1. Is there any pair linking a residue in the range 1-24 that is among the acidic types (Asp, Glu) to one that is surrounded by 10 or more Cβ atoms within 10 Å (Cβ to Cβ), with Cβ under 8 Å and at least six apart or on different chains, and which?
2. Give the range 6-16 a look and list any residue that's closer than 12 Å to residue 53 by Cα and assigned to a helix (DSSP H, G or I), or say none.
3. Scan 19, 39, 53, 26 and give me the residue that is touching a helix residue (DSSP H, G or I) at 6+ places or on another chain (Cβ under 7 Å) and either modelled with pLDDT of 90 or more or aromatic (Phe, Trp, Tyr) (or both).
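The values are calculated or read from the model by the stated rules, or taken from the named source; none is laboratory data. What you see is a predicted model; the values in this text were computed from it and never measured. FYI the Cβ positions are ideal-geometry reconstructions off the backbone, even for glycines, and counts take in every protein chain you see.
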Amino acid sequence: MSMMDKLKGMLKGHEAQAGQGIDKAGDFVDGKTKGKYSGQVDTAQDKVNEQFGTNPDQDRPPTPPS
């Protein structure tokens, strides 16, 4: 069993709290770097949310480009 499988198992049923933690960690990094790497932090947050199934926007249809 891989580490990711173990983490997913531990998060099962707590997706909302995990998503909040991921967002909070990203905000912390943005604050420490004064937003210098906000694009990279947002990308990392999205990838982690996708990996753990905690993406709050996954139920929402994609917004069309303006």
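1. 15/52; 15/53; 15/54; 23/45
2. Result: 7, 8, 9, 11, 15, 16.
3. Going through 19, 39, 53, 26 in turn, the sole match is 26.
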